[in-house]
Amino acid sequence: MSERIGACPVSHTDYRAATAPTGHYALLDEEREKSRFFWNDQTERGFWMLTRYDDVLAGFQDPETFTNEITSALNPQKGIDLLPQRLGGQAHADMRRVINPYFSPAAVRRIEPFATTRCAELVEELAPKGTCDFVADFAIRYPTEVFLVLLGLPAADGEFFVPWADDTFRGFFGGDPDKARAASERIMAYFADLVALRRVKPLDPKEDLVSRLVEARVDERPMPEKDILTICMTLMLAGLDTTRSALGYMFWHLARNEPDRRRLTDEPDLGPAAVEEFIRLYPLVIQAGRETARPVDLDGIEVAPGDVVWLGIGSANRDPRKFPDPDRFILGRKGVNQHLGFGAGPHRCLGMHLARLELAVVLREWHARIPDYRIDPGTELVERGGQLTLTGLPLEWTP
C-alpha cells in the first residue's frame with residue numbers, strides 16, 4: 001500500500017472496526033499528532049481527513065465548500081435522506097426554522113419535570129437489584145421515553161420502540177440488515193399512524209412536534225408527508241443512539257474514577273459542567289462527512305470537487321493545541337463549551353439542549369440513589385466503531 005499521495009500521508013485505519021473502550025480515540029490521537037491531513041483508503045470512495053481543531057472548525061463554518069451532500073465519510077452512499085441534515089443553503093434554513101423553536105432552551109425546559117421524574121423512577125426500579133447492564137437497562141430506555149413524550153406519545157410505547165430502535169442502530173453498524181430494515185419500516189409505520197392522527201386531532205403545536213410539522217408551511221406550502229416522516233425518523237436516529245452512547249461513556253468513566261464520581265455525588269450542581277467536559281472528552285460522533293463543491297487547497301494538498309472529506313470531531317475535541325491536557329477529565333476546564341461534540345456552523349446539532357438536559361438529569365438523579373457502583377469484574381467491554389458506543393456496561397452495587 002502507498003504511504004503517501006503527493007504531500008499527504010495515507011491512513012489505513014478502518015474506524016468502523018470495534019475496539020476496546022477508547023481504542024478509537026487512541027488511533028485518532030496518534031494520527032492527529034502525525035499530520036493535519038490524511039487520505040484514508042479504507043472505504044470504496046476514500047476520503048480526506050482533517051484532524052486538528054482549527055481545520056475542522058473552519059470546515060464546519062464553510063458549508064458552501066464542504067457541503068452536506070453526504071453526512072458520513074465512512075458511509076457516503078445515500079440511504080435514508082436524513083432531514084434537515086441533508087439539506088444546505090436556504091432549504092436547510094427554512095426547515096430548521098420550522099423545527100428549531102421546538103428544541104430551544106425554553107421548549108426543553110417544558111419537558112424537564114417529566115425527564116426528572118421518569119429518570120428517578122427508572123433508577124429506583126433498578127436500585128434494589130444491585131446490578132444491571134447500564135446500556136440496555138437504562139441508557140437506551142430513558143432517552144427513548146423522553147423522546148416519545150416530546151412527541152406527545154405515551155412513554156409506555158418505549159416497551160416496543162426500544163427494540164425497534166436498537167435493531168435499526170445495529171443495522172447501521174454491522175448488524176443484520178434485514179432485521180434493521182424491518183425495524184425501520186415498523187418505526188416509519190408508527191410515525192405514519194401518528195401523523196394521520198394529528199391531522200384529525202391536532203394538539204397544541206407549541207408543545208407537540210408532529211402537530212407543528214403537520215401545520216407547518218415551507219415556501220407557503222404544507223410540508224410533504226414524506227418529509228414529516230423522515231424528520232421524525234431522523235430525530236429518533238440522531239437523538240436516541242447518541243444519548244445512550246454518551247451515558248455509557250460517562251458511567252464507564254465514573255465507575256473507574258471514584259474521585260470524579262464522589263465529587264459529582266457531593267456537588268450535584270456541577271452536573272451541567274460535567275456534561276460539557278464529558279462530551280469533549282468522549283465525542284461519540286467522531287466525524288462528520290462532507291462533499292466538496294469546489295477545489296480546495298489544504299496546505300498544498302489539492303482536493304477536487306466531489307471528493308469526500310472527514311471533519312474529525314473526535315480528534316479535534318482532544319487536540320492539545322486547543323485543550324491542554326486533553327486526555328484528562330477536568331471540571332471547570334477553560335473554554336470547554338468550544339468543543340465540537342455538537343458540530344458547529346449552520347448544521348450544529350438541533351437537539352443539543354435536550355441532550356444536555358437529559359445527561360445532567362441522569363448525573364443528578366442516579367447519584368442521589370446509587371452513589372457507588374463498579375463495573376462487573378472480568379467483563380470484556382467492546383466499543384462499536386463508526387459512531388461510537390459501548391455495546392454493554394454491566395454495573396454492580398450494594399442495594
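Every number in this text was worked out from the coordinates using simple rules, so none of it is lab data. Given the structure is predicted, the values throughout are model-derived calculations rather than measurements. Here the Cβ positions follow ideal geometry from the backbone for every residue, glycine too, while neighbour counts run over all protein chains shown.
At-a-glance table
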{"quantity": "Order by protection proxy (mean Cβ within 10 Å, highest first), peptides 57-65, 312-320, 109-117", "calculated": "312-320, 57-65, 109-117"}
{"quantity": "Efficiency of FRET from Cβ geometry, Asp269 and Glu30, R₀ 45 Å, rounded to 0.05", "calculated": "0.75"}
{"quantity": "Most to least packed among 228-238, 126-136 [average Cβ atoms within 10 Å]", "calculated": "228-238, 126-136"}
{"quantity": "Cβ-derived FRET efficiency at R0 30 Å, Glu44 paired with Asp327, nearest 0.05", "calculated": "0.35"}
{"quantity": "Modelled FRET efficiency - R0 45 Å, Ala58 with Thr398, Cβ distances, 0.05 increments", "calculated": "0.35"}
{"quantity": "23 Å tail of the calculated P(r), the stretch 105-244, as % of Cα pairs", "calculated": "39"}
{"quantity": "Rel. contact order, % - alpha carbon contacts under 8 angstrom, at least six apart, the stretch 311-399", "calculated": "18"}
{"quantity": "Residues with amide H under 5 Å from that of Met49, placed H, sequence gap 5 or more", "calculated": "Phe38, Trp39, Asn40, Trp310"}
{"quantity": "Reachable lysines, given that their alpha-carbon falls under 21 Å from the alpha-carbon of Lys34 and they are not under 8 places away in the same chain", "calculated": "Lys322"}
{"quantity": "Nearby lysines by direct alpha-carbon distance to Lys179 (threshold 23 angstrom, same-chain neighbours under 8 apart not counted)", "calculated": "Lys78, Lys226"}
{"quantity": "Extension gain (nm, one decimal) between Arg262 and Met352, 0.36 nm per residue minus Cα-Cα", "calculated": "29.8 nm"}
{"quantity": "Spherically averaged projected area in nm², based on the convex hull that wraps the Cα atoms of the stretch 136-200", "calculated": "4.5"}
{"quantity": "Relative contact order (%) - the chain, alpha-carbon pairs under 8 angstrom, separation at least six", "calculated": "29"}
{"quantity": "Scaled radius of gyration (Cα, divided by 2.2 N^0.38 Å) that the chain gives", "calculated": "0.98"}
{"quantity": "Compactness relative to 2.2 N^0.38 Å, alpha carbon Rg of the stretch 262-367", "calculated": "1.30"}
{"quantity": "Integer Hz, Karplus 6.51/-1.76/1.60 couplings in order for the stretch 96-105, x for Gly and Pro", "calculated": "4, 4, 6, 8, 3, x, 6, 10, 5, x"}
{"quantity": "Cα point-scatterer Debye curve for the stretch 186-233, base-10 log of I(q)/I(0) at q = 0.13, 0.21 Å⁻¹", "calculated": "-0.26, -0.67"}
{"quantity": "CD proxy at 222 nm, helix term only [per DSSP H run n ≥ 4: -39500 (n - 2.57); per residue of the chain; nearest 500]", "calculated": "-15000 deg cm²/dmol"}
{"quantity": "The stretch 27-64 versus the stretch 275-296: alpha-carbon centroid distance in Å", "calculated": "9"}
{"quantity": "Separation between Cα centres of the stretch 11-25 and the stretch 343-399, rounded to whole Å", "calculated": "19"}
